[in-house]
Amino acid sequence: MGTIKFQYISKYQSLAIFFISLFVYFATLCPTVYVGDSGELTAAAYSLGIPHPSGYPLYCVLGKIFTLLFPFGDIGFRVNLLSAFFASVSIVFLYLILIKITNDSLLASAASLAFAFSKTLWSQSVFAEVYTLNIFFIAVLFYLFLVIKEKYDKNILHWNTFYLSAFIFGISLTNHHTMLLFTPIYLAFIIYIRTPIKKLLITFALIILGLSFYCYIPIRSLANPYVNWGNPETFNNFIHHITRSQYGSLTKEIRTFSLFLNQIKSYYNSVFIQYTPYLLILIPFGIVYFRKQKLLLYFTLALFFIFSFGFIYLLNSKLTPEILDSIEVFSIPSYFILAILIGSGSKFIIEQFKSNLVKILLATFIILLPLKQNFPVCNQNNNFIAYDLGKNIFKSMLPKSTLLSSGDNHVFSLVYLRTIEETNKDIKIYDDSGNLFPTTNINLISEPSVYYTIFSKWGNSFEAKAIEIAPNGIIYKLGKYSEKESKKIWESYNLRGYIKEKDFLSRIVIVQYYFFLGEKFFAEKNPQKALYEYNLASEIGFDMEKLHYNIGYSLYKKNMWNLAKNYFKKAIDVDWTYTQAHNNLSVIYLTENDFENATKEVELAIKFNPNNAEAYNNLGTILGRKGDLKNAITAWKKALHLNSNITTARENIERAKSMLESKTP
């Protein structure tokens, strides 16, 4: 009777945990499309299309189902619910895991909700992204392994449970490639339960059956959905897409021991943010609690090390705030394991005190500490930033005009509006990458009005051709600046949810408004107001090297070199390897006849990007000014080898050769 009663309590407790976490996620859910990948993923789900590699077929189908299930909210909101739902189901499986480990419903509930309110999982649970579905698969597989091990140890293993785990593992790989890291654990488990050859063949067949969901990609691509990244209907395109070949090598930085130590330090800083330092005190006690379950301890720690230090080693990423923000999601499985250790650690503590009051107080603190700490940054219930960005871009243009777009935030918000709301279909949109909008057959001469977003590669091309460019709201246009038109555009904008202390991705968009206000005031010959807006942008985007660089470059073009120099230095403070900032600093130092610093900065630019033609051209100019004509010619030749369109390098070579010949007796 006691066991039956406990099972009922556990069942109702798991339902309570599901609805508590779902309620919090729902209360903090983004009401529409979010910044980052959200717009593209939502549009792909709505149209049953193909988003960026690896294509996420399972996510698209589930997202489509959620758009049909709920009769309220816009499409963005409905797909956001998918993230909240699978996060909450993951919390339930974590609870079931902790029940099996600790046999303590209250502490299992507390640790599960602590994970629910950890910063990164919570942040991914309130908008459309693939990572809560990913942690759902890890939680389910962990739970199934516990069930299989328990029955295997009692010699009552039913292979159907193991076969189920094989299919789930296979289909999980169609959601996110990080599940490949689960492979060694899965293989070790196959060996542990001494899987017979016949059953092993069935297991691999079921894994392949799960993987077969990738067939969705070429099938849907043949239907030419609006979102059809890479047109993966041919075999080569399909393989190219699902293997993420477009993104190149996973590891791009030079491996050094000091970098690895800093990466680990950065990971631990992130762990503190998830649970607060107070809850981390419980983790060593959690390891001690496992002392009588050594196999389970090894399994748990192996998972932790694979998804923490193992992933750190594989990524070997730079430590800029933007990159850290983008890769933090890959650590969610390791935070899941830490929640298990927090739960088992709290059980160990209670076994020492044997006090219900202490247990209740400890459980309360375990839940409330991450909830209180992470609520401000994870609450997105008034975040219309991405939706308004797309709408405001359209408001900045005349009918039947052309937009040259670039950057995820711009392109993905536009593809969301164009796919789902069919907004401004008279406007032609081109995408620098050509992944979502076309890039071919652009005849700008025949276009009546041409605009481009801040990161578009066309901007540099227009500058090089001395085409007149003017700010036009939060984009640029080809042509003269109109103060009357600009005022009308800014007054038409929706600016909802613009809080300066927002998350990193939202702040990337927010600072662009301040930056373009600066551009606006410069166009109106009001440098004092312009610099004020630039400074506001810099304060909000203090950790954004591209923002500081763009402000610096804008001032650089206006010959405000001292101010430009300060912003280039700010960019370098955020990212020491920012090549263009080093190169432009070098140019400024050269104008000041500071050859020492000019040489130092250009050498750093070349060090961090040996294929930077502009840096070699600049180096040639510095060497030429110093009278070292032979080495200057070598540098200019290198610049031409990297970019044959640098006409100044070719002219300087001819001039330097003439000077050398005139010196020859």
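Some values worked out for this structure:
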item: Candidates 616, 553, 589, filtered to the one that is aromatic (Phe, Trp, Tyr) and either in contact with a Gly (Cβ under 6 Å, 6 or more places away or on another chain) or open to solvent by less than 30 Å² (accessible area, probe 1.4 Å) (or both); result: 589
item: Counted residues, the range 500-534 - those being among the hydrophobic types (A, V, I, L, M, F, W, C) and under 23 Å from the mean Cα position of the chain (by Cα); result: 7
item: Sole residue being closer than 30 Å to residue 328 by Cα and not acidic (Asp, Glu), chosen from 521, 455; result: 455
item: Where a residue in the range 167-187 is under 23 Å from residue 298 (Cα atoms) and touching a residue at least 24 places away in the same chain (Cβ under 8 Å) and its partner, wherever it lies, is of a type in the set (S, T, N, Q) and in a helix (DSSP H, G or I), with Cβ under 7 Å and at least six apart; result: 178/134; 179/134; 179/172
item: Given (1) in a loop (DSSP other than H, G, I, E, B); (2) surrounded by 16 or more Cβ atoms within 10 Å (Cβ to Cβ); (3) without any contact (Cβ under 8 Å) to a residue 60 or more places away in the chain, number of the condition residue 502 does not satisfy; result: (3)
item: Number of the condition not met by residue 560 [criteria: (1) without any contact (Cβ under 8 Å) to a residue 60 or more places away in the chain; (2) surrounded by 19 or more Cβ atoms within 10 Å (Cβ to Cβ)]; result: (2)
item: Residue that is touching a residue at least 12 places away in the same chain (Cβ under 8 Å), over 15 Å from residue 337 (Cα atoms) and in a helix (DSSP H, G or I), where the choices are 273, 283, 287; result: 273
item: Residue 257 vs. criteria surrounded by 12 or more Cβ atoms within 10 Å (Cβ to Cβ) and out of contact with any Asp or Glu (no Cβ under 9 Å at 6 or more places or on another chain); result: no
item: Qualifying helices (runs of 4 or more DSSP H) (wholly inside the range 29-112; at least 3 residues being small (Gly, Ala, Ser), under 19 Å from residue 125 (Cβ atoms) and in contact (Cβ under 8 Å) with a residue 60 or more places away in the chain); result: 38-47, 75-102
item: Considering residues of the range 505-531 that are among the hydroxyl-bearing types (Ser, Thr, Tyr) and in contact with a Phe, Trp or Tyr (Cβ under 8 Å, 6 or more places away or on another chain) only, the residue most open to solvent (accessible area, probe 1.4 Å); result: 514
item: Residue that is least open to solvent (accessible area, probe 1.4 Å) [pool: residues in the range 229-252 that are part of a helix (DSSP H, G or I) and modelled with pLDDT under 90]; result: 245
item: Whichever residue in the range 468-499 is under 24 Å from the mean Cα position of the chain (by Cα) and not charged (D, E, K, R) and, among such residues, is surrounded by the fewest Cβ atoms within 10 Å (Cβ to Cβ); result: 495
item: Lone unmet requirement of (1) of a type outside the set (Lys, Arg); (2) open to solvent by less than 10 Å² (accessible area, probe 1.4 Å); (3) under 30 Å from residue 531 (Cα atoms) for residue 596; result: (2)
item: Of residues in the range 188-214 being among the aromatic types (Phe, Trp, Tyr) and either in contact with a His (Cβ under 6 Å, 6 or more places away or on another chain) or within 21 Å of residue 298 (Cα to Cα) (or both), the one surrounded by the fewest Cβ atoms within 10 Å (Cβ to Cβ); result: 192
item: Restricting the range 600-610 to residues that are touching a helix residue (DSSP H, G or I) at 6+ places or on another chain (Cβ under 6 Å) and over 16 Å from residue 545 (Cα atoms), the residue that is surrounded by the most Cβ atoms within 10 Å (Cβ to Cβ); result: 602
item: Some residue of the range 146-168 being surrounded by 20 or more Cβ atoms within 10 Å (Cβ to Cβ), assigned to a helix (DSSP H, G or I) and touching a Pro at 6+ places or on another chain (Cβ under 8 Å); result: no
item: Any chance residue 582 is buried (at least 22 other Cβ atoms within 10 Å of the Cβ) and closer than 22 Å to residue 503 by Cα; result: no
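Table: residues versus (1) part of a helix (DSSP H, G or I); (2) more than 38 Å from the chain's Cα centre (by Cα); (3) closer than 30 Å to residue 539 by Cα.
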residue: 576; (1), (2), (3): no, no, yes
residue: 583; (1), (2), (3): yes, no, yes
residue: 611; (1), (2), (3): no, no, no
residue: 619; (1), (2), (3): yes, no, no
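The values are calculated or read from the model by the stated rules, or taken from the named source; none is laboratory data. Keep in mind that this is a model prediction, so the values were computed, not measured. All Cβ positions, even for glycine, are placed from backbone atoms using ideal geometry, and neighbour counts span all protein chains on display. Quick note on the areas: whole protein, heavy atoms, side chains included, nothing else; ligands and nucleic acids left out. Shrake-Rupley method; radii C 1.70, N 1.55, O 1.52, S 1.80 Å.
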